[in-house]
Amino acid sequence: MMVSVPEAEQIIMGQCRDYGSRVVTLVDAVGHVLAEPIVADRDLPPFNRVTMDGIAINFQDFEQGIRKFRIAGIQAAGQAPIINADRGECVEIMTGAALPDCFDTVVRYEDIKIDNGWAEIIFKNITARKNVHYRGEDKAKDDVLVAANSKVTPAVCGIAASVGKSKLMVKELPRIAIISTGDELTEIDDTPGPYQVRKSNVYAIRAALQAFPCQVEIGHTGDSPEATSNAFSHAFRTNDVLIISGGISMGKYDYVYESLEQLGAKVLIHKVAQRPGKPFSFAVMPSGQLIFAFPGNPVSAFLCLYRYFIPWLQRCLNLELYNHYAALAEEIVFAPPLHFFAQVRLSIAEDGRLLAHIIEGNGSGDFSNLAVAQAFIELPPDREHFSKGELYRIWPFSF
């Protein structure tokens, strides 16, 4: 029985899994999701940190009319601060240095004139506590700097390093097998016969998954029941998820469903009321492995990957799912009572709105447009005419 797009989404999201956690080194952590928060091991900043090169003064001296200060010394970053200074004295101090307790304000070199051991302030608008980043102003010790369930980015790596975290506890990712089907497919380096095509879906899917450091293996099976069943059975031995490309339509040589039935899989979705990607299916094995069966047409497979699989993976990792919307840049008409996912190019209008420009193609087998498209726009099935300026959800893949 065919289901709607919202029903398919609900079924798939109901099969999210927790695959555990593991420790990785900081240099290998980008793309993973934190299984625990990163906390401050001390106040941040850990001392009253100078933010400009210049002189450190006691602002009370300036308020009392002192404009020339005797230079009592020079202090670089990393040095212990000067213990004390007399009234009317200053210290030349560098960015990143610890401000001595006897001072509270830093005046930039641009605002002073130095001559023969004295610093004269030549700028009138000096304010107290200027150019100092005070201890604990950002975070206190044990404050959370990065919450659990956050994706590790280069910025997060920098934060982790600053608090001494050379290793991070991250969420384990599912092991994924991607298997293409069909005797008509050849390897990339092969010369296709006159009625053959090179494999492309498995490589597009694998490339998309590089945003998540998953363990992924790629395979292929020809058009025979035995070969198909053997390929699937082998994949289930070492993987948590099987992504299938092709072999799920009504053709005489489509053996995916027959093979899954032999292996005991329970099919939860068999066709979705959408275009492209109507034959998309979803199943679960008795031992818990999940099967995402994409159509063989490249655009259909790409749509199903970004509409169903990647959101499922993000939910498994407890990543926050964001809804993105764009306004149609032109009118579009689509008559069949199906969810329609149109390929679009995105731009930003002068008023800041995100605009979706429809890219015309020749069906779900015409994948060349995916190189210039940036998203799919999701149009509901309850109407035929969609007007310019109307806002709809988009599923970005290269924006």
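Magnitude of the charge dipole for the stretch 141-193, about its Cα centre and with charges confined to Cβ atoms of Lys, Arg (+1) and Asp, Glu (-1), is about 740 debye.
Extension gain for the segment Asp190 to His270, taken as residue separation times 0.36 nm less the Cα-Cα distance, is 25.4 nm to one decimal.
Rounded to the nearest 20, the size of the Cβ-charge dipole of the chain about its Cα centre is 480 debye, with Lys and Arg at +1 and Asp and Glu at -1. Of interest is the spacing of the C-alpha centroids, which for the stretch 25-63 and the stretch 89-150 amounts to 13 Å. Between the beta carbons of Ser21 and Thr127, assuming R0 = 45 Å, the FRET efficiency works out to 0.40 to the nearest 0.05. Each residue, Trp118 and Ile348, gets one label point 7 Å from its Cα in the Cβ direction; the gap between the two is 5.3 nm. Across the stretch 49-133, counting alpha-carbon atoms alone, Rg and Dmax equal 11.1, 32 Å.
Greater than 23 Å separation of Cα atoms is the criterion. Which listed pairs, Lys139/Lys165; Lys68/Lys130; Lys141/Lys165; Lys151/Lys271; Lys199/Lys278; Lys151/Lys278, meet it?
Long pairs (Cα-Cα over 23 Å): Lys151/Lys271; Lys151/Lys278.
Here the label points at Ala208 and Ser233, each 7 Å from Cα along the C-beta direction, are separated by 3.0 nm in the simple model. Computed extension length for Glu7-Arg87: 21.2 nm, one decimal, from 0.36 nm per residue of separation with the Cα-Cα distance subtracted. All C-alpha pair distances within the chain, sorted into 20 Å bins from zero, spread as 22, 37, 22, 16, 2 percent across the bins. Evaluated with a Cβ-only charge set (Lys, Arg +1; Asp, Glu -1), the stretch 49-133 carries a dipole of roughly 140 debye about its Cα centre, given to the nearest 20.
Order of 144-157, 338-351 by packing, highest average Cβ count within 10 Å first?
Order by mean packing, descending: 338-351, 144-157.
Residues of the stretch 145-173 with amide nitrogen under 13 Å from the 7 Å Cα-to-Cβ point of Asp41? The answer is 159-168, whose backbone nitrogens lie closer than 13 Å to the label point.
Hey, for a label at Tyr109 modelled as a point 7 Å past Cα toward Cβ, could you say which residues of the stretch 36-64 have their backbone N under 11 Å away? It comes to 53-55, nothing else.
Where a number appears in this text, it was derived from the coordinates with a stated rule and is not lab data. Since this is a predicted model, take the numbers as computed values, not measurements. Glycine also receives a Cβ, built like all others from the backbone with ideal geometry; neighbour counts cover every protein chain displayed.
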